[in-house]
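Below is one structure, written out as structure tokens; comments come after it.
The values are calculated or read from the model by the stated rules, or taken from the named source; none is laboratory data. Computed from a prediction, not measured in an experiment: that's the story for all the values here. Counting neighbours? That spans all protein chains shown, and the Cβs are built from the backbone with ideal geometry, glycine included.
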Amino acid sequence: MKQQIYWHTTADMPSDKNLTPIPDRVDIAVIGGGYTGLSAARTLAKQGMKVAVLEAETMGWGASSRNGGMVLSGLKLPMQTIVKRYGRDLAKRLFQASLDSIDTVEQIVKEEKIDCGFARTGHLLAADKPKHFDALKDEVEFMEKEFNHKVHLVSREQQREEIGTDLYHGALVDEVSAGINPAQFVAGLAGAAERAGALTCARARVNKLRRGEKRFVVETERGTVVAQSVLMATSGYTGNVAKKLQRKIIPIGSFVIATEKLSDVLAHELSPKNRMIFDYKHYLNYFRLWDNRMIFGGRAAFFPENENTIRQSAEILQREMVTVYPQLKDVAVEYAWGGTLDFAFDMMTHVGEMDGIFYSLGYAGHGVAMGTHLGKTVAEAMMKGNIKEHPFASFDFPGAPLGLYDGRPWFLPFAGMWHKILDWVE
Ligand SMILES: Cc1cc2nc3c(=O)[nH]c(=O)nc-3n(C[C@H](O)[C@H](O)[C@H](O)COP(=O)(O)OP(=O)(O)OC[C@H]3O[C@@H](n4cnc5c(N)ncnc54)[C@H](O)[C@@H]3O)c2cc1C
């Protein structure tokens, strides 16, 4: 098993050869070269703005080339919770944004001719316990009644038509969701941003951000650029360049393994409709096929990726995968890797402006579609000057209770344990 991002072996990832020089001045400096930053840069550059994407590593290096490639409807929190918290009207706008986000990905893929296997294969949410299936029944009714959105149930008896296991107690299917190869998509998006005229500057970690009168001085490791506006698109890798934002975001590790290639027959048995699959647990697993490999991910350790967390997580994930699919007992795991998610304390995505700095953060594992879409819509709002009207800007962005967080997530082991307890109790 190699500690390597499998997706990178399938894509022509942007490199750091022929580095784009840091310009002296731009209209907008975008910090972070993932879906959010690149989608924003593409939109801004198309409108004639002078934009530089400043990326610490190479374009797409972060979560955007490491994820499960699930282009999902909905948000991290169940819509029932969101209605209770924010009321029906706002909940409707937020849910609609999630549907629009899938359309945005589809549209960009088409317009920019990005070869990344975009397909509306739907997602499947599997019930780990009988009471989860009862909750899914409620969910089907609720989504239809409140949002006029049709999702359907799959009973335990019908389950084999959807997934090659008897582990689950039924499932819910949403046909609207899609799958992509995440690295091919982010590489394509970087090319699209460049063609639109954005400068993509790799190896340009921003070390300091100073606010002057009507402009920012952005100091990178390769030089300084003066920008009228700044957009933070740094997700789980948000550092202390914008301390107030860093204190609102918890970086959490998520890990993935990829098996060797399976036979057509076995791949079809495991996921006959090629769904994007995840389970109902707090400590959830998510999995899907790509090129006849099982790509199996989960929050196996809460700390972000390093050699140890990847190794430990790969072992845990292999065990979990064989529990779901005993057919994979003797199948080799060829790749294991990790990436960092960004959770806000309220588990919601937030956009807005803080101390003059625009941001789009807190995707909580739902950022493939949403990052791409919010990158675009935040860019549009920056140009129009109406960010406050954005649906994801219309509720509070809370920090840690009692301010007990300075950007170093000391509480992650407790959070991990808490999730395990919740799974056991519930
Ligand atoms: C293992 C894993 C699986 C996932 N699976 C899914 C999934 O199936 N579906 C889904 O919807 N979501 C999934 N997600 C979440 C999704 O990948 C992210 O929400 C999304 O990629 C965020 O995109 P982004 O552009 O905001 O951030 P990123 O792609 O993380 O990019 C942020 C970039 O900012 C750069 N940066 C940070 N600080 C600085 C600085 N000071 N100067 C310059 N650059 C800086 C980093 O180097 C990084 O490249 C998953 C995430 C992980 C890690």
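Taking the range 204-236 as the range and being of a type in the set (Phe, Trp, Tyr) and within 10 Å of the ligand (Cβ to nearest atom) as the test, no residue passes. For the range 323-339, residues that are buried (at least 21 other Cβ atoms within 10 Å of the Cβ) and either without any contact (Cβ under 8 Å) to a residue 40 or more places away in the chain or near the ligand (Cβ under 7 Å from one of its atoms) (or both) total 2.
The requirement of being under 20 Å from the mean Cα position of the chain (by Cα) and in a strand (DSSP E or B) is not satisfied by SER229.
So which residues in the range 152-165 are touching a residue at least 24 places away in the same chain (Cβ under 8 Å) and touching a helix residue (DSSP H, G or I) at 6+ places or on another chain (Cβ under 9 Å)? Give the derivation first.
Filtering the range 152-165 down to residues touching a residue at least 24 places away in the same chain (Cβ under 8 Å) leaves 154, 161-165.
Passing the criteria: VAL154, ILE163, GLY164, THR165.
Checked against (1) out of contact with any Asp or Glu (no Cβ under 7 Å at 6 or more places or on another chain); (2) farther than 19 Å from LYS384 by Cα, GLY37 passes all but condition (2).
Tally time: how many residues in the range 169-203 are hydrophobic (A, V, I, L, M, F, W, C), in a strand (DSSP E or B), more than 18 Å from TYR286 (Cβ to Cβ) and more than 10 Å from the ligand (Cβ to nearest atom)?
Qualifying residue count for the region: 1.
Each row is one residue, and each column tells you yes or no for (1) modelled with pLDDT of 95 or more; (2) aromatic (Phe, Trp, Tyr); (3) buried (at least 24 other Cβ atoms within 10 Å of the Cβ); (4) within 30 Å of VAL140 (Cα to Cα).
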{"site": "TYR6", "(1), (2), (3), (4)": "yes, yes, no, no"}
{"site": "VAL30", "(1), (2), (3), (4)": "yes, no, yes, no"}
{"site": "LEU38", "(1), (2), (3), (4)": "yes, no, yes, no"}
{"site": "GLY62", "(1), (2), (3), (4)": "yes, no, yes, no"}
{"site": "ILE82", "(1), (2), (3), (4)": "yes, no, no, yes"}
{"site": "ARG88", "(1), (2), (3), (4)": "yes, no, no, yes"}
{"site": "LEU94", "(1), (2), (3), (4)": "yes, no, no, yes"}
{"site": "LEU99", "(1), (2), (3), (4)": "yes, no, no, yes"}
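Every test in (1) surrounded by fewer than 21 Cβ atoms within 10 Å (Cβ to Cβ); (2) closer than 30 Å to LYS137 by Cβ; (3) within 12 Å of the ligand (Cβ to nearest atom) is passed by ASN274 save one, and that test is (3). The residues of the range 290-325 that are modelled with pLDDT of 95 or more and of a type in the set (Ser, Thr, Tyr), listed by number, are THR323, TYR325.
Within the range 24-65, the residues that satisfy the criterion of being touching a strand residue (DSSP E or B) at 6+ places or on another chain (Cβ under 8 Å), assigned to a helix (DSSP H, G or I) and within 14 Å of the ligand (Cβ to nearest atom) are THR36, GLY37, LEU38, ALA40, ALA41, ALA63. With surrounded by fewer than 19 Cβ atoms within 10 Å (Cβ to Cβ), within 26 Å of PHE296 (Cα to Cα) and of a type in the set (S, T, N, Q) as the only criterion, which of GLN158, GLN107 stands out? None of the others qualify; the one that does is GLN158. Identify all residues within the range 68-99 that are touching a Ser or Thr at 6+ places or on another chain (Cβ under 8 Å) and near the ligand (Cβ under 7 Å from one of its atoms); write none if there are none. Once the filter is applied, which keeps residues that are touching a Ser or Thr at 6+ places or on another chain (Cβ under 8 Å) and near the ligand (Cβ under 7 Å from one of its atoms), the range 68-99 yields MET70, VAL71, LEU72.
Considering only residues in the range 283-295 that are under 11 Å from ILE257 (Cα atoms) and more than 11 Å from the ligand (Cβ to nearest atom), the one that is surrounded by the most Cβ atoms within 10 Å (Cβ to Cβ) turns out to be MET294. Go through the range 348-380 and give me each residue that's within 18 Å of ASN285 (Cα to Cα) and more than 7 Å from the ligand (Cβ to nearest atom). Selection gives ALA364 alone. Within the range 243-270, the set of residues being surrounded by fewer than 21 Cβ atoms within 10 Å (Cβ to Cβ) and in contact (Cβ under 8 Å) with a residue 40 or more places away in the chain comprises LYS243, LYS244, GLN246, ARG247, GLU260, LEU262, LEU266, GLU269. Residues that are modelled with pLDDT under 95 and not polar (S, T, N, Q) within the range 246-266 comprise ARG247, LYS248, ILE249, ILE250, PRO251, ILE252, GLY253, listed in sequence order.
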